[in-house]
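Worksheet: one structure, shown below.
Any read-out appearing in this document is the output of simple, stated calculations on the displayed coordinates, not a laboratory observation. From a predicted model like this one, the values you see are computed outputs, not experimental measurements. Here the Cβ positions follow ideal geometry from the backbone for every residue, glycine too, while neighbour counts run over all protein chains shown.
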Amino acid sequence: MLLIHCPYCEEDRPEVEFANGGQAHIARPADPSAYSDPQWEEFLYIRRNPRGRHHERWRHVHGCGRFFNAVRDTVSDRFETTYKAGEPAR
Amino acid sequence: MLEIAPMKLSAADLALPAEALVADGVQLALADDYARFSLRARDAAILEGLLGRKLPAKIGETLDGVACLGPDEWLALLPAGTALPLGEGLPVSVTDISSRALGFVVEGPRAVELITSGCPLDVAKFPIGRGTRTVFETVEIVVWRTAEARFHIEVWRSFAPWLWHALAAAA
Amino acid sequence: MSGYRLSVGGRINRAAPLSFTFDGKAYQGLEGDSLASALLASGVMLFGRSFKYHRPRGILGMGSEEPNALMTVERGPARMTPNLRAPSVALHAGLAAKSQNRFPTLRRDLTAVNDTLSAFFPAGFYNKTFMWPRAAWESVYEPIIRRLAGLGDSPTTRDPDHYGATYAHCDVLVVGAGPAGIAAAVEAAATGGRVILIDEQEEPGGGALADPAQWADLAASLAALNAADNVQILSRTTAIGHYHQNFVVAVERLTDHLAPTDAKGAREKLWRIRAGRVVLAQGAIERPLVFDGNDIPGVMLASAARTAALRYGVAVGRSVIVMAVHDSGWRDALALMAAGVTVSTIIDLRQDVAAELVDAARGAGIAVHLGCAVTSARGRLGISSITYAPGGTVDERAIACDALLMAGGWTPTVHLWSHAKGTLRWDGAWGAYLPDTTHEVMTCVGGCGGAWDYGSGLALGTLPSAKPLHKRKGFVDFQNDVKARDIGLAVQEGFRSIEHIKRYTTNGMATDQGKTSNLNGLQIASDVLSRPVTEIGLTTFRPPYTPQTFGALLGHHKEALFQPLRKTAIDDWARDHGAVYENVAQWRRARYFPRGAEDMDAAVLRECLAVRDSVGMFDASTLGKIEVVGPDAAEFLNRLYTNPWKSLAPGRCRYGLLLREEGFIMDDGVAGRMAPDRFHVTTTTGGAARVLNMMEDYLQTEWSDLDVWLTSATEQWAVIAVQGPKARDVIAGLVSGIDLSREAFPHMAVREGHICGVPTRLFRVSFTGELGFEVNVPAQHGRMVWEAIHAAGQPYDITPYGTEAMHVLRAEKGFIIIGQDTDGTITPEDAGMAWAIGQKKPDFVGKRSLARPDLVAQGRKQLVGLLTEDGTHVLEEGAQIVADPDQPVPMTMIGHVTSAYLSPALGRSIALALVADGRARMGETLYVPMPGGVIRAVVTGPVFYDAEGSRLDA
Ligand SMILES: [Zn+2]
């Protein structure tokens, strides 16, 4: 069970309090109707599956309730950093 | 075919008992009724102004019956019957959830041990007054250390029988 | 010496004899014995039969690595545990153990014919042989294999024990209480932090328990640790897995070492330990040697014989031979001699052995043969002699013996290191993998870290032999009956990676996970492939380190506590009134309320008619509820749901449809606007948590500019649906502060007031098509209000109804159930619910997707009604639909039935179905092929009853 540093609670908390939310930094466009079909498909479905550094979303669902972003190494499973939603990608 | 006898006790049989549970070194009891409110605001000062009370500033801290659960979220456990202004029109949310949860009081020298049996946090290191949302096994709870050897646990009403009996089994 | 018990020595209590049985025969052991040592002391050599060939097997090791001596221990009829390793079973009075894999008896196993025919059971035998004919697999091959193979039997009754679980936190966790682990714990304890020391054996001490010279130090260290209040020592506790960030899972055995009458409380306890630092001190496991007959009872590890003698005071034989390729075998031989066990001979493959060892052995009267190797062990149910020869020659000589000890070097126990993704490096001197690098805060000390002076030795695949590999019969994996030649065969058949060789031969795949076989297997593969062992790879170590009971892994979650069963505030009333339940998500819901001898159909018919003719009441408390509050509440719902929300006036409700961003229906529910900035939103029962999470997701990560907050209110409110033409009459006398008249309180309105003196949010909504109200009251008052409504409804014969009637009533009206009539690929258009989409809204979640080419394509499945030609026939939900019943199989399926009931209002069966281009098929006859014949049904609209909705406003 991972220990995850919640950037809102500012402490390490056990993984069972969290839910993974998939790849991070995929912003919903302000005007989806302006997106072409291929662009919209990319937004909906196309995700990275990197070996190594990965930006992903987590939610401290059984804690402060907040979504935040994390950089995790998919090989070692180690978190490099976590940061609040809305902050630029690290 | 293998026939397995039915369980003597099934999940459907679990109910909250009327009596407190007294075990070696720890006691488990239902807490008094409270007026419960979920208080939400981006700016705590607006809520403080509306309610006329100070709110704890940091997640995990508590003050006068109010726990800060998230950056914009507080749980108020106030004397039963307390009414709060709803702050209509203000950028706040005040929602009465008095009936949503039940409170348990876990008390005694083995209180930490009992809660740690299913809560993954290092409860032994909680300072008095710390309150946080977490889990007991798969059930979401709020754990609030109210004294060295006393904790208040909040659990949603329908999960309370399971939690009670899980704690009783561990006690 | 009485039997094989030495007259002095050991840590057993000679004053405390214990009676036990093995295969029904009575034996006596001593307090402090293991089952293995007690049987050895009684002269038992034969402990079990092997998995595949049913060969007779004895003890190989004296720890949890033991592959052969698997026992079933019975503690009463429901307490039967198979596959326990005899050396790890503590003896207690009345212990009843049975050997396994024998038919009918251990000494005379008829199925040992497998062994005679073993030439025909090579690696991959099962895969190759039982391929054809296919039908024979189930009827012939599998039953036979299941009887011959398999390890032990499962208990056949419910496990009466309960199990504990806990989390624990410490600064330093030490795994293994041998000398290195104890030293680490003492050091850690001195820093004042919390220390946990866990050890799998009956008492801490590890290897020191077999070395009386260390007992005084051991006792002193343990006394100091026990006295320290920052140290917790857990014996009989096995660390089974090591996960990220120093999270170690261990199982403590609390009662199995006690006589059943003394066993109180939980049987086992699951420890989930988070440590600041993990110190692994798991020691090393001695390696067997591979030669013909190396599995005959009486052939065992030298360390096992040493433990038997020095810890348990048991001689493993009266004339013992040691076959060594490592110095440790010599030391063990000398220790055995000193303890009173006669070692006749030491054979060592090496020509150069330290002179002090050779001199000491000869001085003790032991014959020494250097440069030689055992070529075979002989004997049927126990060893009687060996042959040996100078390395690799045919110049064999025989010696009689009753035990042969193998000293094949040592394999550091790196399992837990590897679980946590610590890397390994090959160490030539050890002939084994040692811990290398790690991301975790963990260290290895003592034997498992390679820091243990056992002298030097060779690392071999097999002992040299003049025979070619394919004629040799030495075993590598004792538990899975894998021979050296099987590995040769795997390589010959083209397998190169050790991961493939492992799976083809099953080497290392038994319950011991290859603790004694992995390294020998690697060496053999390396020899056969003529490649260095480091190029062969290493198989992955996985938890659990040793097999565990399901009970231990369940911890708190057994039986009644398996998972929470959520019950509403009204559930007790339903129980008292004979409700039959069904589970929906984690909730238990009343399905119907039979009267007298009614079956479900009869009860549902009566309940449905009551709602249509008079009034019914239904516990809808499980509906998800979310309080959406803030100045931007309407804007938020407007962006989320397909419907328009901004124009909804306070006091009014709207049916909301929620899509996923992909355009498919995710959830639905009615929302009421309680105030300009406050909505009471309902969701489906099963969707409550999912919808709240989705809402939080959009709110926090996409629209964080909105001033709106979400509060789950599912459990705040008990909800009582009062439905039927008399609904208003029933509640009229109970409600205060709300004008219930049609004009003042129209359909799809919500009011706040009081009912029975408690606050209510009263919704005028209907999921039945009848006049209806949903009474929301704080959950603590739910039962009281329910009973009051029930009493007030008596003049109208108010009828409590369950989920089944609710489903029928809504199906008559063509209202969908999310997840039953939709399946995650259905758009509003597919469901015939385009009316729920706010056409003027520039955006909402899922809107853009609704314009994707495949979501507007022809041929999509659409929700329609189906009426069977025979109105008494109820279709099966899930049944497939075809357009032409005469087409060849496999037929083209154009849809499926999603809901089907007998409709009381229509007096015939009805069904909802998803059918390709369904709305273009109105009036068409379709076909539902079923095992009993093809059923004909006509396509209709999905609304079967009161299509005008005239009954709503009664
Ligand atoms: Zn948090």
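Suppose we take every Cα in the protein assembly as shown and form the convex hull; what volume per residue is that in Å³?
Values: hull volume 243.5 nm³, N = 1215.
Dividing the Cα hull volume of the protein assembly as shown by its residue count gives 200 Å³.
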**OP:** Would you calculate the separation in nanometres between label points at B:ASP33 and C:HIS439, each defined as 7 Å from the Cα along the Cα-to-beta-carbon direction?
**Re:** 5.3
Subject >> Cross-link pairs beyond the 29 Å C-alpha cut-off, checked among C:LYS421/C:LYS515; B:LYS125/C:LYS264; C:LYS515/C:LYS558; C:LYS98/C:LYS264; C:LYS625/C:LYS726 >> reply: B:LYS125/C:LYS264; C:LYS515/C:LYS558
Original post:
Between region C:869-900 and region C:398-448, how many Å separate their Cα centres?
Top reply: 63
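By the scheme Lys and Arg +1, Asp and Glu -1, what is the net charge of all other residues having a beta-carbon under 12 Å from that of C:LEU926? Can you show the working numbers first?
Values: positive: C:ARG921, C:ARG936; negative: C:GLU869, C:ASP884, C:ASP917, C:GLU924.
Combined, the nearby Lys, Arg, Asp and Glu give -2.
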**OP:** Please state, as a whole number in µm²/s, the translational diffusion coefficient that the Stokes-Einstein equation yields for region C:579-661 at 20 °C and 1.002 mPa s, with Rh defined as the Kirkwood radius across alpha carbon pairs.
**Re:** 131
Subject >> region C:697-830: equivalent-ellipsoid semi-axes (sqrt of 5 x gyration tensor eigenvalues, Cα, Å) >> reply: 29, 22, 14
**OP:** Express the Stokes-Einstein translational diffusion coefficient of chain C in µm² s⁻¹, to the nearest whole number, given a Kirkwood radius over alpha-carbon pairs, 25 °C and a viscosity of 0.890 mPa s.
**Re:** 73
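Just counting partner chain Cβ atoms within 10 Å, what average do the residues of peptide B:66-75 show around their Cβ?
On the way: counts 0, 0, 1, 4, 7, 7, 6, 5, 0, 0.
Taking all residues of B:66-75 together, the mean is 3.
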Subject >> Efficiency of FRET from Cβ geometry, A:ARG90 and C:ARG380, R₀ 56 Å, rounded to 0.05 >> reply: 0.20
**OP:** Please work out whether region C:164-281 counts as rounded, prolate or oblate from its C-alpha gyration tensor, where a ≥ b ≥ c are the square roots of the eigenvalues and a/c under 1.5 means rounded, while otherwise a/b larger than b/c means prolate and anything else oblate?
**Re:** oblate
**OP:** Starting with the highest mean, order C:729-739, C:767-777, C:810-820 by the number of other Cβ atoms within 10 Å, averaged over the residues of each peptide.
**Re:** C:767-777, C:810-820, C:729-739
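About its Cα centre, what dipole magnitude does chain A give when the only charges are +1 on Lys and Arg Cβ and -1 on Asp and Glu Cβ, stated in debye to the nearest 20?
Roughly 100 debye, rounded to the nearest 20.
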Original post:
If you count, for every residue in B:152-163, the Cβ atoms of partner chains within 10 Å of its Cβ, what is the mean?
Top reply: 5
**OP:** Give me the distance between the Cα centres of region B:1-59 and region A:1-20, rounded to whole Å.
**Re:** 22
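Just in region B:107-171: which GluC sites (Glu not before Pro) are loop by DSSP and have at most 13 other Cβ atoms within 10 Å? Could you put the intermediate results ahead of the total?
Working: sites: B:GLU107, B:GLU113, B:GLU137, B:GLU140, B:GLU148, B:GLU154; in loops: B:GLU137, B:GLU148.
Sparse-neighbourhood loop GluC sites (Glu not before Pro): B:GLU148.
Quickly rank C:321-331, C:348-358, B:160-170 as a protection proxy: mean count of other C-beta atoms within 10 Å, highest first. Before the final figure, lay out each step's value.
On the way: C:321-331: 26.2, C:348-358: 16.5, B:160-170: 22.6.
Descending mean neighbour count gives C:321-331, B:160-170, C:348-358.
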Original post:
For peptide B:33-41, how many partner chain Cβ atoms fall within 10 Å of a residue's Cβ, on average?
Top reply: 3
Original post:
How many percent of all Cα-Cα pairs in region B:35-96 sit more than 18 Å apart?
Top reply: 22
Original post:
Rounded to the nearest 0.05, what FRET efficiency do A:THR81 and B:ASP122 have when you use their Cβ-Cβ distance and R0 = 30 Å?
Top reply: 0.85
Original post:
With a 10 Å Cβ neighbour count serving as the proxy for reagent exposure, in which order, fewest first, do C:ASP613, A:ASP77, C:ASP571 appear?
Top reply: A:ASP77, C:ASP613, C:ASP571
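Helix-only mean residue ellipticity at 222 nm, the protein assembly as shown, DSSP H runs n ≥ 4 weighted -39,500 (n - 2.57), per residue, nearest 500. What is it?
Computed mean residue ellipticity for the protein assembly as shown: -5000 deg cm²/dmol.
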Original post:
Kirkwood Rh over Cα pairs of region B:64-171 into Stokes-Einstein at 20 °C, 1.002 mPa s: D in µm²/s?
Top reply: 144
Original post:
If you check each cysteine of chain A for another cysteine whose beta-carbon is under 4.7 Å away, which ones come up empty?
Top reply: A:CYS64
Original post:
Using a basic spin-label model with each label point 7 Å from the Cα along Cα→Cβ, how many nm lie between C:ASN13 and A:ALA19?
Top reply: 5.5
Original post:
Where does helix B:160-170 land angle-wise versus the long Cα axis of chain B, in degrees 0 to 90, nearest 10?
Top reply: 50
